[in-house]
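Below you'll find the structure, written out as structure tokens, and then a few comments.
The values are calculated or read from the model by the stated rules, or taken from the named source; none is laboratory data. Keep in mind that what you see is a predicted model, and the values were worked out from it rather than measured. Note that we place each Cβ from the backbone using ideal geometry, even for glycine, and neighbour counts take in every protein chain shown.
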Amino acid sequence: MSITYRALEPSEISAARFAGFERYQEVKRCWRKVRGVWTLQDIAFVEQWGAPELELLAAHVAETLRNGGTLWGAFDGARIAGFAALEREPLGPQGRYRQLSMLHVSRESRGRGLGRALLSLAAERARQLGADTLYISAHSSEESQAFYKAMGCMEAAWVCDRLAALEPCDCQLELML
């Protein structure tokens, strides 16, 4: 089946909307900054969402939409196979950044270009909002960082202290639009 992309409406947001979404990742190595140098370290764990995480996800996305942000879904039929959330609030010097607060592709749909397409939709909307840079506080796993690097992201020149404090192990990235 082909993938379709569209923005979701607030009325569509619930934990049940994401029930078939498989956020599963076996992490073996993560990037950490040691004495000012990024190093790939053996840090192994499994990331998997259950019902509590889906409830938090739905609450976060609902808040994003209430604040004027946008959520795109990648649909394989009726099933959500990926999604990306862009916050509307300007960030950084002269408000030139917009935050990509989420980008996830369900386990069985990875490697099909959904992440690239969702990132492109978010980047276009950020441009429409007047941003010249997308800000991303991204998971530090080797695979996540490889994806963002392949998309052209770089270490952020400006760091949002609030976001960095929320997820101290994340890598703070930017994508010039």
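So, in the stretch 94-112, how many residues would count as being outside any helix (DSSP H, G or I), without any contact (Cβ under 8 Å) to a residue 40 or more places away in the chain and farther than 17 Å from LEU173 by Cα?
Total satisfying the criteria: 3.
Taking the condition free of Cβ contacts under 8 Å to residues at least 40 places away in the same chain and under 15 Å from the mean Cα position of the chain (by Cα), does ALA78 pass?
no
Residue by residue, here is whether (1) under 22 Å from LEU119 (Cα atoms); (2) touching a strand residue (DSSP E or B) at 6+ places or on another chain (Cβ under 9 Å) holds:
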{"site": "SER14", "(1), (2)": "no, no"}
{"site": "ARG29", "(1), (2)": "no, yes"}
{"site": "LYS33", "(1), (2)": "no, yes"}
{"site": "THR39", "(1), (2)": "no, yes"}
{"site": "ALA51", "(1), (2)": "no, no"}
{"site": "LEU57", "(1), (2)": "yes, yes"}
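Look through the stretch 156-165, keep the residues that are outside any helix (DSSP H, G or I) and free of Cβ contacts under 8 Å to residues at least 60 places away in the same chain, and return whichever of them is surrounded by the fewest Cβ atoms within 10 Å (Cβ to Cβ).
Within the stretch 156-165, the match that is surrounded by the fewest Cβ atoms within 10 Å (Cβ to Cβ) is ALA157.
Among the strands (runs of 3 or more DSSP E) contained in the stretch 1-93, which hold 1 or more residues that are within 26 Å of ASP132 (Cα to Cα) and out of contact with any His (no Cβ under 6 Å at 6 or more places or on another chain)? Steps first, answer last, please.
On the way: elements: 3-7, 24-34, 37-48, 70-76, 79-86.
Hits in the stretch 1-93: 3-7, 37-48, 70-76, 79-86.
Could you please let me know if ALA59 is loosely packed, with under 14 Cβ neighbours inside 10 Å, free of Cβ contacts under 8 Å to residues at least 24 places away in the same chain and at negative phi? Before you say what the answer is, go through the steps one by one.
Values: loosely packed, with under 14 Cβ neighbours inside 10 Å: yes; free of Cβ contacts under 8 Å to residues at least 24 places away in the same chain: yes; at negative phi: yes.
In short, yes.
Name the residues in the stretch 110-135 that are in contact with a Leu (Cβ under 7 Å, 6 or more places away or on another chain) and among the polar types (S, T, N, Q), would you?
As a first pass, look at the stretch 110-135 and keep what is in contact with a Leu (Cβ under 7 Å, 6 or more places away or on another chain): 115, 118-119, 122-123, 125-127, 131-135.
Across the stretch 110-135, the qualifying residue is only THR133.
Can ALA131 be described as assigned to a strand (DSSP E or B), in contact (Cβ under 8 Å) with a residue 12 or more places away in the chain, buried (at least 17 other Cβ atoms within 10 Å of the Cβ) and not hydroxyl-bearing (Ser, Thr, Tyr)? Quick ask: steps written out before the conclusion?
Details: assigned to a strand (DSSP E or B): no; in contact (Cβ under 8 Å) with a residue 12 or more places away in the chain: yes; buried (at least 17 other Cβ atoms within 10 Å of the Cβ): yes; not hydroxyl-bearing (Ser, Thr, Tyr): yes.
Answer is no for this residue.
Of the conditions (1) closer than 28 Å to GLY36 by Cβ; (2) more than 11 Å from the chain's Cα centre (by Cα); (3) modelled with pLDDT of 95 or more, TYR135 clears all except one; give me its number.
(2)
From the set of residues in the stretch 40-51 that are at pLDDT 95 or above and exposed (fewer than 11 other Cβ atoms within 10 Å of the Cβ), which is farthest from PHE21 (Cα to Cα)?
Here the answer is ASP42.
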